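Since every read-out is calculated from the coordinates, none of them should be taken as a lab result. Being a predicted model, the structure only gives us computed values, none of them experimental. Here the Cβ positions follow ideal geometry from the backbone for every residue, glycine too, while neighbour counts run over all protein chains shown.
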Amino acid sequence: MTLETSIEFLKNIGTERAKLIKNVLGISTVEDLLTFYPIRYIDKSKIYKIGALTKEPDADIQLRGKITDIQEVVYEKGKKRLSAKFRDETGTMDLVWFRYTNWMKEAIPLNKDIFIFGKVSFFNGNFSMSHPEIEADEKKAISGTLLPVYSGSEKLSKRGISNKFFQNVIYSLLKDLPNLISENLPNYLMKSLKLMDRINAYYDIHFPKNFRQFEEADRRLKFEEAFFFQLGYGLKKLHQKTKSFGNPFPIVGDYFNNFYENNLPFELTNAQKRVLKEIRTDMKRSTQMNRLLQGDVGSGKTMVALLTMLIAMDNGFQSCLMAPTEILAQQHFNSIQELLENTGIKVRLLTGSSKTKERKIIHEELENGELSIMIGTHAILEDKVKFKNLGLAIIDEQHRFGVAQRAKLWAKNNIPPHILVMTATPIPRTLAMSFYSDLDVSVIDELPANRKPIITAHRREKDRLSVYNFCREEIEKGRQIYFVYPLIEESETLDYKNLMEGLESVMNFFKSYNVTMVHGRMKPAEKDINMQFFASGQAQIMVATTVIEVGVNVPNASVMVIESSERFGLSQLHQLRGRVGRGAEQSYCILMSDDKLSKESRTRIKTMVQTNDGFKISEVDMELRGPGDILGTQQSGVVDFKKLSLIEDSAIIKTSKLAVEKILEQDSLLNHPDHQMMKQYYIRQYKGKNKWAQIS
Ligand code: ADP
Ligand code: MG
């Protein structure tokens, strides 16, 4: 037997059950089974006292005492239940059976010293347990270990695959453990970090003797996951660092200084200053900068981008700033052109819709070096676009640019340009700092001081009239309103119908105002006209689908009403909310929803109401959806951990990162004898999964 052996060959499983287990739980090999970790444990080693219970315990518990006063009670016409008292030396609780036979009733031992086990609930000032397990034999009642509970499904237990079944199968597997797995961490590391060895960890995670032992095993297995993940990234980073030379930008000169002293329209926030310093330090070196700049919507990334481009100019290099959509590129172009108005520095815009004549000029000016700052879309990546000496490329909204496109940028210069990637979709700090090791990370964690936080409220259908009235008051103060509808799949007829009904309802109520609409089914020209109608203030209300998520900037809009908000994801809600709060006025976000909400929707809405902090929101989002989703499909699978939680285990992640850094510093090829087991494990585990982290 090996780790790859299919579970159908294990004793007591067989083809049928193996198929079922694979379908329901995705477990197909011995290794899958070993890493099918319990979700909790039954603790039969401890005897609880009734008098010491203060609230409902989280798990099933065991008590020792006597059953007295059994009686049948008719509680509804034709329905009986069996009630009893259970006493220990500290108190009394009720026992209840709703399903029982006469035989069972007779078998309940009265006034005898026994153990009962089950879930305790607290009701009307009384503790009670329904359908307790009863055991008279002390030896059987008190087991030496905690018993694992596996997250089987209803479906499985109906088909005869119970928790007990998994306990048995895994228990017998564990006997073979020394033949199946071997240690994969260096001995000295385990010693210095007081980590349990691997074989014991597997044993103890399934059948720990006590909770301390469980915690030790848990820590060891989490560490292992974090460690090998870090090792993968560490190796990749090493590989990159040795390859990518960069152009050093040693000076800050007149372009930067003149702008900073004469044209800066506001004082930079401390976060902006700090980030600029980090960028400066990177670009001074003769290795390529590869930096991710995270900052919430409105945190002022554009200014950082511009100042960075001015430094490139001071060092005699060209820069480009790329945005994922034409609207965004145009917006950047407008604001940067305005900022540079009095400096004499030329900027140009290149997008898919640039005219041929204009393109020709741009191509020429880029090649002869006349143009230093270029703004555009993917159009910049085209082979025809050649630079004289591209020294810096800034990418706004990294999520929409793939690795391949980044690589294309590199090729625009002999020595690859410094790269700055900016994103407003915050990646949780723990995740970014620890796992994005191929990019260095800067964070703008502060908004400009004059901002008023957006007030967010949750409202339901019954509140609609008061929501509309509130919107009317805002309009009367001169503000504008968005109503956003979900159109998840733009072709979904039902969504479309809802949107149209929504439009009608809004138009009916707001008869004396102008209402305009944009949605994904419209032609671009029509969209533009309607958008313009709103942006210019001619329309007071915009009814829209999520097409407005990116790129709309109407500072006078102060209310964002999101319809059926329970259907939006958290980051989408946050992005939508970011469309208001851009001016000096107090802004509002109103989340409309159904009365009935799933637990997850409730969490999402509650989070939005409680905080404006994009980082906090992304952390909750990650907890709800898992990290793979947040990082995009490209990375998913790589960060699907079995045990490790990127949020709760940040201490372990940090320790593992330090450990890996130290190892790679001293033995980057992993040739030291102490590192052989680790290397072999790494190669076996990550071969194919991690193309980027080869050991050669
Ligand atoms: P984002 O990070 O979302 O790209 P922007 O760069 O578009 O944000 O900045 C949002 C707004 O904040 C802009 O109008 C910009 O001029 C303004 N802004 C940026 N930095 C500051 C600052 N330090 N003080 C005041 N306003 C600022
Ligand atoms: Mg921006």
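Tabulated results
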read-out	value
Relative contact order %, the chain, counting alpha carbon pairs below 8 Å whose residues are six or more apart	12 percent
Two-site label geometry, L110 and L658: point separation in nm, points 7 Å out along Cα→Cβ	6.5 nm
Label-point gap, in nm, between N124 and E261 - each point 7 angstrom along Cα→Cβ	8.3 nm
Placed amide H near V543: partners under 5 Å, 5+ positions off or other chain	F483, T516, M517, V518
Sequence-distant residues sharing a close amide H with R285 (under 5 Å, placed H)	F249
Loop-resident sites, the range 150-236, for trypsin sites (Lys or Arg not before Pro), counting at most 12 other Cβ within 10 Å (DSSP)	K194
Integer Hz, Karplus 6.51/-1.76/1.60 couplings in order for the range 133-140, x for Gly and Pro	7, 10, 9, 9, 7, 4, 4, 6
Pairwise label distance in nanometres, F509 with N168, each label 7 Å out on the Cα-Cβ vector	6.2 nm
Helix-only CD estimate at 222 nm, as mean residue ellipticity for the chain, using -39500 (n - 2.57) per DSSP H run (n ≥ 4)	-12500 deg cm²/dmol
Residues with amide H under 5 Å from that of L146, placed H, sequence gap 5 or more	K209, N210
³J(HN,Hα), Karplus 6.51/-1.76/1.60, whole Hz, each residue of the range 597-614, x for Gly, Pro	10, 6, 4, 5, 4, 4, 4, 4, 5, 4, 4, 5, 5, 7, 9, 9, 7, x
Loop sites in the range 463-537: trypsin sites (Lys or Arg not before Pro), DSSP, at most 10 other Cβ within 10 Å	K477, K511
Excluding exposed DSSP-loop GluC sites (Glu not before Pro) (at most 14 other C-beta within 10 Å), longest clean stretch of the chain	493-647
Over 52 Å [Cα-Cα, the chain], rounded percent	28 percent
Loop-located trypsin sites (Lys or Arg not before Pro) in the range 1-103 whose Cβ has at most 12 other Cβ within 10 Å (DSSP)	K11, K46, K55, K77, R99
Gained length - T90 relative to Q685, 0.36 nm times residue gap less alpha-carbon distance	208.8 nm
FRET efficiency estimate (nearest 0.05) - Cβ-Cβ, K360 to F211, R0 56 angstrom	0.15
Length released on extending from R40 to N334, taking residue separation times 0.36 nm less the Cα-Cα span	100.1 nm
Linear extension gain, E370 paired with E56, 0.36 nm per residue minus alpha-carbon span	105.6 nm
Vicinal HN-Hα couplings computed from phi for the range 581-587 (Karplus, 6.51 cos²θ - 1.76 cosθ + 1.60; Hz; Gly/Pro x)	x, 9, x, 7, 7, 5, 10
Radius 12 Å from Cβ of K384, net charge of other residues (Lys, Arg +1; Asp, Glu -1)	0
